[in-house]
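One structure is given below, encoded as structure tokens.
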There are 6 protein chains.
Amino acid sequence: MDIASINRPPAELVAKVREVGAATASATLAHMGLRNCFISGPVSYNTGKVIAGPAVTLQMMPKREDMFDEGEYADVETQLHRHVLYQVEAGDVVVVDARGDMDSGIFGDMMMTYFKGRKGAGAVIDGCVRDWAKIKKLDIPIWLRGVTPNYHAQTNLMPHAVNVPVACGNVTVVPGDIVVADDDGAVCVPVAKAEEMIDKAHRDHGWEDFSKEMLLRGESLKRYYPLHKDAWPEYEAWLADNRRKPV
Amino acid sequence: MDIASINRPPAELVAKVREVGAATASATLAHMGLRNCFISGPVSYNTGKVIAGPAVTLQMMPKREDMFDEGEYADVETQLHRHVLYQVEAGDVVVVDARGDMDSGIFGDMMMTYFKGRKGAGAVIDGCVRDWAKIKKLDIPIWLRGVTPNYHAQTNLMPHAVNVPVACGNVTVVPGDIVVADDDGAVCVPVAKAEEMIDKAHRDHGWEDFSKEMLLRGESLKRYYPLHKDAWPEYEAWLADNRRKPV
Amino acid sequence: MDIASINRPPAELVAKVREVGAATASATLAHMGLRNCFISGPVSYNTGKVIAGPAVTLQMMPKREDMFDEGEYADVETQLHRHVLYQVEAGDVVVVDARGDMDSGIFGDMMMTYFKGRKGAGAVIDGCVRDWAKIKKLDIPIWLRGVTPNYHAQTNLMPHAVNVPVACGNVTVVPGDIVVADDDGAVCVPVAKAEEMIDKAHRDHGWEDFSKEMLLRGESLKRYYPLHKDAWPEYEAWLADNRRKPV
Amino acid sequence: MDIASINRPPAELVAKVREVGAATASATLAHMGLRNCFISGPVSYNTGKVIAGPAVTLQMMPKREDMFDEGEYADVETQLHRHVLYQVEAGDVVVVDARGDMDSGIFGDMMMTYFKGRKGAGAVIDGCVRDWAKIKKLDIPIWLRGVTPNYHAQTNLMPHAVNVPVACGNVTVVPGDIVVADDDGAVCVPVAKAEEMIDKAHRDHGWEDFSKEMLLRGESLKRYYPLHKDAWPEYEAWLADNRRKPV
Amino acid sequence: MDIASINRPPAELVAKVREVGAATASATLAHMGLRNCFISGPVSYNTGKVIAGPAVTLQMMPKREDMFDEGEYADVETQLHRHVLYQVEAGDVVVVDARGDMDSGIFGDMMMTYFKGRKGAGAVIDGCVRDWAKIKKLDIPIWLRGVTPNYHAQTNLMPHAVNVPVACGNVTVVPGDIVVADDDGAVCVPVAKAEEMIDKAHRDHGWEDFSKEMLLRGESLKRYYPLHKDAWPEYEAWLADNRRKPV
Amino acid sequence: MDIASINRPPAELVAKVREVGAATASATLAHMGLRNCFISGPVSYNTGKVIAGPAVTLQMMPKREDMFDEGEYADVETQLHRHVLYQVEAGDVVVVDARGDMDSGIFGDMMMTYFKGRKGAGAVIDGCVRDWAKIKKLDIPIWLRGVTPNYHAQTNLMPHAVNVPVACGNVTVVPGDIVVADDDGAVCVPVAKAEEMIDKAHRDHGWEDFSKEMLLRGESLKRYYPLHKDAWPEYEAWLADNRRKPV
């Protein structure tokens, strides 16, 4: 089996993308000309998680009985849904094009237990997992369309390729792209655009925590959202002040 | 910008609609000949809330680049999704026809913070918001189809009009209509039908708490649901008794 | 009204199916040639429940005003959605073909209260209930597509038959079949296949708890999932050891 | 095999329904309180046909391998899709609930050839046929969702019952109901409502041919559509005149 | 009733848009920054027609029984679907937002006969008409999603406004915009962009007929599609030559 | 650009598959264990054509502005939708995974003219073409979901790869597989299964023309469909007789 490795971006870059978050990443990329990097469909199944990491990918395709043998335990090492997990390193995000299928559980409890052991950051699946009651307890950050008792190749799908570009939730995800995901959903940040996105995000949205504080005090929307240039010194003072505080 | 205000119904009327609740309001309107006032699609995103209030409306339309300039912060005061919030008074319900779009976050954290400051009762959106992790903490009663990191006009939609009749979740909502929403979903009560609905609801369903108490004791379904005329005096005694108790 | 009773399978058989769970039941039936017994669509509305029981069924059909009189309280004893509940005995699962309709609440609070009184095991509905805030408090295991304020025959549906084979979530469910449901969803186990399924499930998956324990210790995936024949004696020792422990 | 026959309405009644046509039948039934008798989905596959006839029905259900044996030619006499055709008499309309499935060809060339031999009036299928190039040449009036090379039980469906009430295109069709179909689609006329519908249709729409003639001459829409009472004598004169002419 | 008239663009401008055709108009507008002006959904129901004309619009909304009285012939002059036709002048295109509904026939034979009398250019309806067999004979250029026997307000819709901006096939159409439609479908050309679009279309695609002639002779794709600058003089000679020929 | 060529099966094999036709191919493959090889979605846009040929494939993916430059005419030789046509040899079938998108015209008139020049057998596209009025005149056998004025990368898609396995109409098509298409739709015949399929098809269905002739004469369905073993000698006589006749 001939599976490509991914090029992983520097950990600091990934950490900065995570700090930006899905909403600001998506909006900033749009203002940079990438209209839609939102992986539409999968939603957070254990809310409150925020992750970022390079994508390792699994592509499911419509099942063909001449290409995929049903015997789940015969020569299991040929199963590609195992191999995508073998590729996982600490901090990686598994991204699966499961074709939106609601009757195929791409991974079950055992596979996700193994994934946890490999210290994957999380998984974004345009489809389902099975054994949800057990996977939930593993507390792995996971974005799904749903859950099902069916296994990955029980009905309509078969695993087809690992670490190729995939269409997940109507976004093309290239292996090694940085996926950032939180309660708003998952966003694909093309690795070559990450630095620019981070810089722009800080310029455009850095003042938002400050503005929110002002709005909660009942201050003027026009002055504070978006931040009016007259209020910029005020923000910088606040910022300097905040940096001195512990988080 | 020329935006109509709404006529707000008396607060007591609104309070009575709230007390009736979505399920009884919808069923009673159906028996009055309004077959379906249920705003189908948006579901409660912070369960346990019960609200009623007059509708202020926002109509989104398919985006046309010649009619909507992408620059989010250039002349922000022309943005209609701000203006619908400027229209909000304490107790109002914002109703948005977002065309069921799953890739547009009509409001984000900042806008909803402002909405909270204006003491709006809640929002019913046939689409999504963004910044969900933050909005959730604001604890505003809200009914949605989903959440997304994308902003309101990032992909397919643009705000088009405020306080016009809108189609939300396949119901025509007229500005000023009373929207009642709880864990069953949101229902539009035409303001001219509200009194009649309330009266009929009390006649038809007033005995339900009593009957439920009887059913839990193992009493006969035929006698107590719906309440048989033979059991009516029993109910009236219970009612008189209950009114003496504190809630 | 002429409604057939169901033949109930032995309680021990039902209990064994429940122990197998939805995921293993579905997968095992697939390996036995029943490709898909997963009732796709309804999801758990009060997670953490695991039930199994014989199906009593209700078939909804598109409403025809000449076949269904709107008067909810005139001659209520003709209403079939009451009669399906009259058929319920302790441990039964009500299965409703509600045609995936999102605007019809098949049962409300009163009916579900009555169902609880009859000690039904739970309900699987390819559609909605109403009065969700109240039903939730009853804590009945329930699998739904959604909730609505509308009543069962308010818009498009009418109850048509009780205890006939129904199509629920794209599976044909025969009255008396064993339905097992948990957080993965609901699965229909044809009663004549139940014994074979249980035996096969134990052979094929009995070692999974053991393997998971090994994987969590960082042991080899190839040795323990699926369980390699070399590791079988190890598993049997573990099993014997475990049986001595209290659960 | 125990299959009920249908009660066929008098041929003259059927002929009158046919003369009314789908559009006027549907509208008139709506004004009589049957909101929607339109079988939505199947469209005419050989335009220009107008048929009416009593419904013989076939119900397809989701396939279960334990209930349906794949062997197409083993004991073919058990196949229900043959038996629905055995029930056909001259002038009957076969109505199939095929669950909207686009991957199952309910009938093929051979079956439809046999149907033609039995002098069926036509078929309305909420799904597909196969062998379309050949069936087209048979010139049987047929309303379909589509065509497919797959046979009736190849993927997801199995025939389940003959001459039971079925849901076809979101309308409940009872065996023996009169189905009228033309280029607008197929409409189910409940047999007990047929006389009343015919009478009302003649009262409400009998003048339409006259009015159209007037409109084509450039006469006033207000006077002639709908027919103003002042113009009624004019219409009656036209009618008397027309009846004298050959068609 | 207070209905706005539309501003009609000059006839020569409309004629030039028609000559450009839907495909080149849509592509050219996209290159000008209007990503998608294609009215997606309605397809040509009498192929071979090519029309362009200013849009008069009708907006359908979800039916509310308190806002729309069922009596089809009581005070018919209040019916807005009549009024949109009263607004039609020779060459106009009626554009209807019918919400994609497949069970409402916006216009029937009588209305379309009247429309033909008013010399409308054609109709684009994001939904259906009824009386299709008769309308087809009128040979009016028409783009539809389907046909139905039901009338316009029989089930879910009611006419709500005339000559307001509408969302048709996921495009915002402003009254007076030029709609061009042919076998590829209908495209909305914003009137203020029409001149620029026409000029650009001639520059970018004027050579296509020439190139096609070359390709049919087996000439090089690289030289002739798109037209290489080396071949431009060749094209100009061909053009000059062609203009001398009669069409 | 590094594009793989396909291995073409022998012309006689392709011819035999064509003779079998889509319906018998699909049914026979199902009886061989390949449950569903029907490319569901694309329908014949110029009926009466029957083709078979090896698949050359084009995979469209969701558009990413950083991966696809809008400039249609800048460096056109990088455009993959041109390269799939460069791969076409006489008799090939172009198969496009266009993701079911209804707003992207994969090929236009110029490209299809070039395709005709290369003597391609036809095209199967899970999506649309543009310039339909012109392409129709080219009379190329083509199976589509629809037509649109938009160009291939105008809205949501970009060409991504040529001659890789693609998912088209929910079937995995491998480059070089034999695609057979007629008025029933398109079917993918895995090249390694073609011989077996052809042999089995002749055994199982060879008698159908004979049986149809018998049925048209009013003979017994039980004897002639499927062909009873008693009638086999009769069929063989007919066959011998027919082979002597000219077609």
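Each value in this text was obtained by applying a stated rule to the coordinates, not by laboratory testing. Nothing here was measured: the structure is a model prediction, and the numbers come from that model. Note that each Cβ is placed from the backbone with ideal geometry, even for glycine, and that neighbours are counted across all protein chains shown.
Observations on the model:
- Shielding of peptide F:26-33 by partners, expressed as the average count of other chain Cβ atoms within 10 Å per residue Cβ, is 5.
- Considering the rotation that superimposes chain B on chain D, the residue of B whose beta-carbon lies nearest the axis, and that distance in Å, is B:R35, 4.
- Ranked by the mean number of other Cβ atoms within 10 Å per residue, highest first, peptides F:229-238, A:224-233 order as A:224-233, F:229-238.
- Comparing C:I125, C:I140, C:I178 in a Gaussian network model of chain C where C-alpha atoms under 10 Å apart are linked, the largest mean-square fluctuation is found at C:I140.
- Violating pairs (Cα-Cα greater than 29 angstrom) within the set A:K49/A:K229; D:K137/F:K16; C:K116/C:K212; A:K49/C:K116; D:K49/D:K212: A:K49/A:K229; C:K116/C:K212; A:K49/C:K116
- For segment D:8-68, taking Cα atoms only, Rg and Dmax work out to 15.8, 46 Å respectively.
- Peptide-level mean, for B:172-185, of C-beta atoms on other protein chains within 10 Å: 4
- Compactness of chain B was expressed as the Cα radius of gyration divided by 2.2 N^0.38 Å, which yields 1.14.
- Nearest 10 degrees, 0 to 90: helix B:232-244 Cα axis against chain B principal axis: 60 degrees
- Residue with peak Gaussian network fluctuation, chain A [Cα springs, cutoff 10 Å], from A:K137, A:K212, A:K49: A:K212
- Using a 7 Å Cα-to-Cβ projection, C:A15 label spacings across copies, nm, ascending: 5.6, 5.6, 7.0, 7.1, 9.0
- In nanometres and ascending order, the distances from the F:K119 label point to those of the other copies are 5.3, 5.3, 6.2, 8.0, 8.3 (point 7 Å from Cα along Cα→Cβ).
- Calculated diffusion of segment C:104-149, Stokes-Einstein form, Kirkwood radius summed over Cα pairs, 4 °C and 1.567 mPa s, µm²/s: 126 µm²/s
- Kirkwood Rh and Cα Rg combined as Rg/Rh, segment C:148-247: 1.20
- Pairwise Cα separations in segment A:100-207 fall into 5 Å bins from 0 onward with the following percentages, short to long: 2, 11, 18, 21, 21, 12, 6, 5, 3, 1, 0.
- Shielding by partners - mean other protein chain Cβ count within 10 Å, residues of D:105-115: 4
- For segment F:60-130 versus segment A:114-150, the gap between their alpha-carbon centres in whole angstrom: 37 Å
- 25 °C / 0.890 mPa s Stokes-Einstein diffusion coefficient of segment F:64-144, Kirkwood radius on C-alpha pairs, µm²/s: 185 µm²/s
- Loop-resident GluC sites (Glu not before Pro) (DSSP state other than H, G, I, E or B) in segment D:1-110 with no more than 16 further Cβ atoms inside 10 Å of their Cβ: D:E70, D:E72, D:E89.
- Using a 7 Å Cα-to-Cβ projection, F:D139 label spacings across copies, nm, ascending: 2.5, 2.5, 7.1, 7.5, 7.6
- A prolate overall shape is assigned to segment C:1-129, the ratio a/c of its alpha-carbon gyration tensor axes (a ≥ b ≥ c) being 1.5 or greater and a/b exceeding b/c.
- Relative intensity, log₁₀ I(q)/I(0), of the protein assembly as shown from a Debye sum that treats every alpha carbon as a point, q = 0.05, 0.06, 0.07, 0.08 Å⁻¹: -0.41, -0.60, -0.85, -1.16
- Calculated [θ] (222 nm, deg cm²/dmol) that DSSP helices of n ≥ 4 give over chain F, each run adding -39,500 (n - 2.57): -9500 deg cm²/dmol
- Computed over chain C with a Gaussian network model linking Cα atoms closer than 10 Å, the most mobile of C:M102, C:M111, C:M214 is C:M214.
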